[in-house]
Amino acid sequence: MKKIGILFGMENSYPQAFVDEINARDEKNIIAEIIKIDKLSQGQDSGYAVIFDRISHDVPFYRAYLKNAALQGTAVVNNPFWWSADEKFFNNCLALQLGVPVPKTYLLPSNERPTDTSETSFRNMLMPLDWETMFEEIGFPAYMKPHAGGGWKSVYKVTDREDFFNKHKETGQLVMLLQEEIKYEDYYRCYCIGGKHVKIMPYAPHHEPHLRYDVNTPPASKKLLKLIENYTLMLCKGLGYDFNTVEFAVRDGIPYAIDFCNPAPDADLASVGEENFNWVVKTTADFAIAKAKAHKPAKNNLTWGTFMQSAVPTLAPKKETVKPKPTKI
Ligand SMILES: Nc1ncnc2c1ncn2[C@@H]1O[C@H](COP(=O)(O)OP(=O)(O)O)[C@@H](O)[C@H]1O
Ligand SMILES: [Mg+2]
């Protein structure tokens, strides 16, 4: 029997629907369930062929649980090692390499020094920073947001340099991005599952959360939708996420990727609406079942990004690899 488990936090609708959808398929030797953990010892086998992770970004205990599960052979969705390492500045750098448009962006050292550092920890930084060049290139208004964040926390729109310095003081030890504002005519949020299946959803970020997917924009051209789909696939394959959302702001017909580090994307019925909800439940269930079928016990069953090969061609593995000789002990 191959088990598919789900780890989740405060969300209510998606996890149970995911479990029910898989079990309703009546696949031979595959069942899904909500994970229950009573204790965790090192090297313990999770017992799951596949785990869907919806919460380890908020619960470090779960992140450690998942890394061990992956080591024992569980296909963890999404890869907990990569998710631990990823952040939005890198995402944008990767997008540039892949040729996906992104807003101009600078990375800012935190306004306050990290705990347990002193001035001497920053001898590699030239102070004061070259703010003028950054402001000139990014322009105002601009966005300032954490380089590793989500859920709209600490996202600021800054109107001028004074406003920027005032708001930057509020960000404490957070490392922030200073980013060009994309004044958009349309905005889209796209689910991407298994590096293959894309659902493009018109999205209104300025609406209340439960109304953000309730958008009556005229249908976009086929060409634009195809471009958005291709960019979504390029980013998710490049990053290696099995389940992610990518947001695009469309300016003058060009989709700019705004936020594509969402490895536990909102899938709540109350916010995404019935049609999107049904799609995401069905498609993630299909994917989880396929992963369970492909699962090889005690092997690496994780998905890793293709970015090393596609973004940095010189680092691509050579065709003829030399096999290491066994060493005698
Ligand atoms: N460069 C930008 N141009 C225009 N709008 C932006 C930009 N960056 C962020 N936003 C707005 O702020 C919202 C939150 O920013 P986002 O990067 O998605 O952060 P989070 O990961 O917290 O959701 C976006 O949905 C979008 O509406
Ligand atoms: Mg976002």
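The values are calculated or read from the model by the stated rules, or taken from the named source; none is laboratory data. Quick caveat, the model's predicted, so the values are computed rather than measured. Methodologically, a virtual Cβ is constructed for each residue, glycine included, from the backbone with ideal geometry; neighbour enumeration extends over all protein chains shown.
Candidates in segment 202-228 are the residues that are modelled with pLDDT of 95 or more and surrounded by 18 or more Cβ atoms within 10 Å (Cβ to Cβ); of these, the one that is nearest to ligand 2 (Cβ to nearest atom) is ILE228. If you check ILE182, ILE193 for being within 16 Å of ligand 2 (Cβ to nearest atom), buried (at least 18 other Cβ atoms within 10 Å of the Cβ) and within 26 Å of LEU227 (Cβ to Cβ), only one passes: ILE182.
Tallying residues that are assigned to a loop (DSSP other than H, G, I, E, B) and closer than 19 Å to SER13 by Cα within segment 189-207 yields 0. Checked against the criterion of being free of Cβ contacts under 8 Å to residues at least 24 places away in the same chain and small (Gly, Ala, Ser), the candidates SER110, SER121 yield just one match: SER121. Looking only at segment 281-294, residues that are over 17 Å from ASN23 (Cβ atoms) and crowded, with 18+ Cβ neighbours inside 10 Å come to 0 in all. Output the residue which, of all residues in segment 229-252 that are part of a loop (DSSP other than H, G, I, E, B) and away from ligand 1 (no atom under 15 Å from the Cβ), is surrounded by the fewest Cβ atoms within 10 Å (Cβ to Cβ). It comes out as GLY240. Close Cβ contacts (under 6 Å, 6 or more residues apart or on different chains) running from residues in segment 256-270 that are farther than 16 Å from GLN16 by Cβ and more than 12 Å from ligand 2 (Cβ to nearest atom) to residues that are part of a strand (DSSP E or B) and of a type in the set (Gly, Ala, Ser) comprise TYR256/ALA249.
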